[in-house]
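Accompanying notes for the structure given below.
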Amino acid sequence: MTRILKIAAAQSGPIARTESRAEVVDRLILQLRAAERQECDLVVFTECALTAFFPHWWIESEEELDAWFELEMPSHSTQPLFDEAKRLGIAFHLGFAELAWENGQKRRFNASLLVDQQGAVIGKHRKIHLPGHEDHRPQNPFQNLEQRYFEVGNLGFNTWPMLGGIVGMCICNDRRWPETYRVLALGGAELILLGYNTPDHIPEHPQLDRHVGFQHQLCMQAGAYQNGCWVVAVAKAGVEEGVSQIGLTSIIAPSGEIVAQSRTLADELVVYACDLDEACAYRELFNFSKNRQVQYYGPIVDRAGIELPRDGGVVSPTSRKVLGAEN
Ligand code: ING
């Protein structure tokens, strides 16, 4: 019996900072309905799918910052999305900014939810790899203040049985780290869902701008192939509050092929019937339990940074500093 999941990657066009949650939820509901008309089982919405990507600008007041977060999920403004998904019998993934109170402490995370076809929340991820900076950089055309506005996720990388398969989640910059896919694959993930807000300009390294689209695809194609899983990655695309973001919403097969991709920078549904059993050949070829030689992988968990070989090699002062060889 083949396990085919018809998945809709629901790319979001720009969301204005003046757009209310209700207005955005209306857009998401339109995409849910379009997915249902194509008999989809699962809809994947993007990172911070309910608001403009506010880490792109400096926010002084805590009150203003908190207004970008969801205190509960579903909330009054997002309940209609949950209700409509349940009515249509469609599971979905949703990225959002989470404000949680834990042990009397206010915590802020860049989070995502997995909701089943009965409208029940079955999983949550909190973004672990936070890019950008904590300081205000007015000289840059836009900020990336995720390291200021969010904490590092404290839930790890988890997987959940869903729709006859095993599903994992990550968020945006998480997709650039090979550890993300490997840990999820070791948890049995056959399908990894993620959203992203990715500007097409890197203020600190403009010489890399021409590679942004290629590297966005490269890291996911490699992750999918090396771990034998499907990857569904959904953009917040287009020029949002002056920041130009890539589209390239993609559905990637365990072969590493991009089997479907968005062609616009607006709200767009990218649909593909994913045969979860396509992963089997790659699982057999790699055979983690037989062929991984974990006795040699220690440095991956023993330390975060680089340790140079004893003679330190001949490296420039800059790279010596970056490589962590301070002396
Ligand atoms: N955004 C970007 C991302 O990882 C970035 C940050 C852009 C990193 C370009 C490297 C190059 O796609 C988020 N929100 O993580």
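The values are calculated or read from the model by the stated rules, or taken from the named source; none is laboratory data. Everything numeric in this text was worked out from a predicted model, so none of it was measured. Cβ atoms come from the backbone with ideal geometry, glycine included; neighbour counts cover every protein chain shown. Side chains are part of the model used for accessible areas, which takes the heavy atoms of the whole protein and leaves out ligands, DNA and RNA. Shrake-Rupley method; radii C 1.70, N 1.55, O 1.52, S 1.80 Å.
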- Return the residue satisfying two criteria in turn: it lies in region 121-135 and is touching a helix residue (DSSP H, G or I) at 6+ places or on another chain (Cβ under 9 Å) and open to solvent by 30 Å² or more (accessible area, probe 1.4 Å), and of such residues it is nearest to residue 90 (Cα to Cα). 121
- Give region 102-153 a look and list any residue that's under 17 Å from the mean Cα position of the chain (by Cα), in a loop (DSSP other than H, G, I, E, B) and free of Cβ contacts under 8 Å to residues at least 40 places away in the same chain, or say none. 152
- Within region 37-67, how many residues are surrounded by fewer than 24 Cβ atoms within 10 Å (Cβ to Cβ), in a helix (DSSP H, G or I) and out of contact with any strand residue (DSSP E or B) (no Cβ under 7 Å at 6 or more places or on another chain)? 6
- Among the listed residues 319, 255, which satisfies the condition of being more than 28 Å from residue 48 (Cβ to Cβ) and free of Cβ contacts under 8 Å to residues at least 12 places away in the same chain? 319
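Have a look at 239, 212 and point out the one that is over 15 Å from residue 172 (Cβ atoms) and of a type in the set (Val, Ile, Thr). Write out each step before concluding.
On the way: 212 fails: over 15 Å from residue 172 (Cβ atoms).
Answer to the selection: 239.
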- Which residues, counting only those in region 8-56, are more than 16 Å from the ligand (Cβ to nearest atom), under 21 Å from residue 170 (Cα atoms) and among the acidic types (Asp, Glu)? 41
- Item | Those strands (runs of 3 or more DSSP E) lying entirely in region 160-277 with at least 3 residues within 16 Å of the ligand (Cβ to nearest atom) and open to solvent by less than 20 Å² (accessible area, probe 1.4 Å) | 191-196, 230-235
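Please work out if residue 151 is acidic (Asp, Glu) and either farther than 29 Å from residue 241 by Cβ or away from the ligand (no atom under 16 Å from the Cβ) (or both). Quick ask: steps written out before the conclusion?
Working: acidic (Asp, Glu): yes; either farther than 29 Å from residue 241 by Cβ or away from the ligand (no atom under 16 Å from the Cβ) (or both): no.
For residue 151, the condition - acidic (Asp, Glu) and either farther than 29 Å from residue 241 by Cβ or away from the ligand (no atom under 16 Å from the Cβ) (or both) - is not met.
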